[in-house]
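Notes follow the structure.
The values are calculated or read from the model by the stated rules, or taken from the named source; none is laboratory data. Everything quoted here is computed from the prediction, not taken from an experiment. Note: ideal-geometry Cβ built from the backbone for every residue, glycine included; neighbour counts use all protein chains shown. When the accessible area is computed, the model is the full protein with side chains, heavy atoms only, and any ligands, DNA or RNA have been set aside. Shrake-Rupley method; radii C 1.70, N 1.55, O 1.52, S 1.80 Å.
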Amino acid sequence: MAKIKLEYIWLDGYEPTQNLRSKTKVEEHENFKGTLEELGNWSFDGSSTKQAEGGSSDCLLVPVAIYPDPTRINGWLVMSEVMYADGTPHPSNGRATIDDDNDDFWFGFEQEYFIMDTKTQLPLGFPVGGYPAPQGMYYCSVGGKNTHGRKLVEEHADLCIAAGINFEGINQEVACGQWEFQLFAKGAKKAGDEIWVARYLLDRLTEKYGYYIEYHPKPLGDTDWNGSGMHANFSNEVLRTCGDQATYERICEAFRPVTAEHIAVYGAYNDQRLTGKHETASIHDFSYGVSDRGCSIRIPLMTVQKGWKGWLEDRRPASNGDPYKIAARIIKTVKSAL
């Protein structure tokens, strides 16, 4: 028998942006294989996470995905849904709203974020009381003059890959101290699971560096510095195989009358980012176009070159958005057009 550490991870009930929470259960297992079938449900004090009242505070944690924890001996990361005691989904449970049981929808998320120094409360590379050189030389930069935080970013990539997450890339972004990682998954729920676990690994990693991660979509306010998004690349069988421009345009047009419904779940304070500047479309408009990063939805050039077989990119989701809720809304709109 061996003792294993199970880190149960869930989303709290804070609004407008939920936070990651986790706690460790140590169990004895013989020949533990790391499957969901070997795990039991757990509970937590929902009154401490804005998910219950004190008089009836138990909420259930139901495991939905498990990954090796590369930083612990005999450790596992257990992504969990929050349920009421009767087994029904808690209102904070965005995963339960995803209508993709057959994994027809594939998602690739591009998670942008700023690395912040806990002492200065500023992005890496920012001097106290001033600004670094203007944007231009930071994007995909190399060298100590313009690149800040690479050690943490590289370690995070290694952790995600070691955990079995389908991690697809990293790059420094347009602003100083801003980075991005990309994940892809076949199945909307799996894509959401992996973004949240990757965020968890990133947040936990900052503890040893004296940093923290800022997911606010416009942390530097109304300045000439880029904000952060989480572009959602998505497809289903129709988009991957139809070979028809009219079908693509019909699906894009389905997003127009529900613009407000999408913005409502695409992340808080996104109005500060979606201004029509810095490669964004205005939050008040809806547009789509081929290879146009100033549109709400970009039709990738590769999709067109492959005879209208591929995917779409919704550029509006904010960096602090919940991938579960984002995916659920996109799926609902695409299905309405078919």
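Close amide H partners of N171, meaning residues 5 or more places away or on another chain with modelled amide H under 5 Å apart, are E180. Derived scalar couplings between HN and Hα for the stretch 284-296 equal 8, 10, 9, 8, 8, x, 6, 6, 10, 7, x, 9, 5 Hz in order, rounded to whole Hz, by the Karplus curve 6.51 cos²θ - 1.76 cosθ + 1.60 (θ = phi - 60°), x for Gly and Pro. For S282, nonlocal amide neighbours, meaning residues 5 or more places apart or on other chains whose placed amide H falls under 5 Å from its own, are G276. When nucleic acids and ligands are ignored and a 1.4 Å probe is applied, C242 ends up with an accessible area of around 50 Å².
Give the average over all directions of the projected area of the C-alpha convex hull of the stretch 27-154, one decimal, in nm². Over every viewing direction, the Cα hull of the stretch 27-154 projects on average to 13.7 nm². Evaluated on the chain, the Kirkwood hydrodynamic radius is 21.0 Å, with distances taken between all distinct Cα atoms. Eigen-decomposition of the gyration tensor built on the alpha-carbon atoms of the stretch 202-338 gives equivalent ellipsoid semi-axes of 28, 16, 14 angstrom, largest listed first. When the Cα positions of G177, P219, L202 are compared along the charge dipole of the stretch 128-236, L202 comes out farthest toward the positive end, with charges on each C-beta of Lys, Arg, Asp and Glu. Its DSSP H runs of at least 4 residues, each contributing -39,500 (n - 2.57), put the calculated 222 nm mean residue ellipticity of the chain at -6500 deg cm²/dmol, to the nearest 500. Taking every alpha-carbon pair in the stretch 1-92 and binning the separations at 10 Å intervals from zero gives 16, 47, 27, 9, 0 percent. The mean sequence distance of close C-alpha pairs (under 8 Å, at least 6 residues apart), as a share of the length of the chain, puts its relative contact order at 17 percent. Straight-line reach from K3: taking Cα to Cα under 30 Å and skipping same-chain neighbours fewer than 8 places apart, the lysines in range are K23, K25, K33, K189, K190, K208.
Rounded to the nearest Hz, the phi-derived 3J(HN,Hα) couplings of the stretch 224-240 under the Karplus curve 6.51 cos²θ - 1.76 cosθ + 1.60 (θ = phi - 60°) are 8, 10, 4, x, 10, x, 9, 3, 10, 8, 9, 7, 9, 4, 5, 5, 6, where x marks glycine and proline. Magnitude of the charge dipole for the chain, about its Cα centre and with charges confined to Cβ atoms of Lys, Arg (+1) and Asp, Glu (-1), is about 620 debye.
Residues whose amide H falls under 5 Å from that of L183, counting only those 5 or more places apart or on a different chain, are F109, Q111, E168, with hydrogens built in the peptide plane.
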